[in-house]
Amino acid sequence: MLADQMPCNARNCFPGKVFDSNTHTTNLYGDDVEVDYRGAEVTVANFIKVLTGRHEPGTPASRRLDSDEDSNVFMTGHGGDGFLKFQDAEELSSHDIAQAVQEMHVKGRYNELFYMVDTCQAGSLATQLYSPNVVTIGSARTGENSYAYHTDFEVGLSLIDRFTYATLDYMQSMQGHKDKPTTLGHLFDSYDPQMLYSNPDSRTELLGRSIYEIPITDFLGSVLQIQLSRDEYPQPNDAFTTTGKHATTLYAHLYRLERPTVRTDDAAASMSSPQGIPKADPVEVAACVAGLGVVLYAITKLPFAQSI
């Protein structure tokens, strides 16, 4: 879900691009980014539908969260004590979130759920949760604000929040270091309140196991499964000629379409009209046209026709 059209905003001096750093090294809006809900489609109702799976008939799979395994939810925006604002017009409350997560649990739509929020007073959004196998973290406690980071003077605003920056920085520091701890517990411990200007607020008692047993990649990562097949597909020897063109014997139907055969016999002429109706004799057609002209001329000479 992407509420704002920042890549296409007229004030964006980098059209079609979104960066998380003033170095402009990584475009977050690349060709592989898929946005399923954008603009006016980002509403509280649609967000709840995605979580609970209550979609209208015909909703494409790309706009559904059809999963019964590990799921994660990340939201960022302007929030307050117990609510998150949508489009600066409506609010998603902590009670709405708790009910949606409970419905997901009843429907078996997740195994474990990681709920991460980066807003002002983000911790208050998880206070009403009671469903099992849920772990949450917010960028700030109730009564605290979240702050931005990395001001870009070319764009004219901050590109990222401090909590999100700290999360990405820890994830990037893991690259090339296999011995570095990679659990949710170590991620939570890496947050520095002095750098964030706030105290991250987490809930782990609903999870049922230690957060130091859960790899970060269970939620903040993806695995692409590729199945290789060594089966060979038979290919005719005459599929291509020496000139590189398709063989006429294998693709004869295509060549018939390219060079249609013109038939000039009487049978072809009779079949050329719809329903196989024989072609009319030109003399008979001329006689019919002449007779129709005489009738029309006679009608114009009638008294009522002249009065008109």
Practice item. Can you figure out the FRET efficiency of ARG230 with ASP36, using R₀ = 41 Å and their beta-carbon distance, to the nearest 0.05? Key: 0.70
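Looking only at region 6-218, where both bridge partners belong to it, what percent of the DSSP beta bridges are antiparallel (to the nearest 5)?
On the way: 15 of 26 bridges.
Antiparallel: roughly 60 percent of the beta bridges in region 6-218.
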Review point. Calculated FRET efficiency, ALA45 and ASN145, Cβ-Cβ r, R0 25 Å, to nearest 0.05?
Key: 0.35
Study note, to complete from the structure: Sequence order, region 121-138: Karplus ³J(HN,Hα) from phi using 6.51 cos²θ - 1.76 cosθ + 1.60, θ = phi - 60°, Hz rounded, Gly and Pro as x, gives 6, 4, x, 5, 6, 10, 5, 8, 5, 9, 6, x, 6, 10, 10, 10, 8, x
Study note, to complete from the structure: Extension length gain for ASN9 and TYR130 (0.36 nm per residue less Cα distance), in nm, is 39.5 nm
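Per-residue counts of other Cβ atoms within 10 Å, averaged by peptide: what ranking do you get for 150-157, 115-122, 176-183, 55-62, highest first?
Packing proxy ranking, top to bottom: 115-122, 150-157, 176-183, 55-62.
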Review point. How many angstrom separate the Cα center of region 155-174 from the Cα center of region 98-121?
Key: 24 Å
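Rule-based calculations on the coordinates, nothing more; no lab input. A quick note: this is a predicted structure, and the numbers were derived from the prediction, not measured. Quick reminder, even Gly has a Cβ in these numbers, built from the backbone with ideal geometry, and neighbours come from all protein chains shown.
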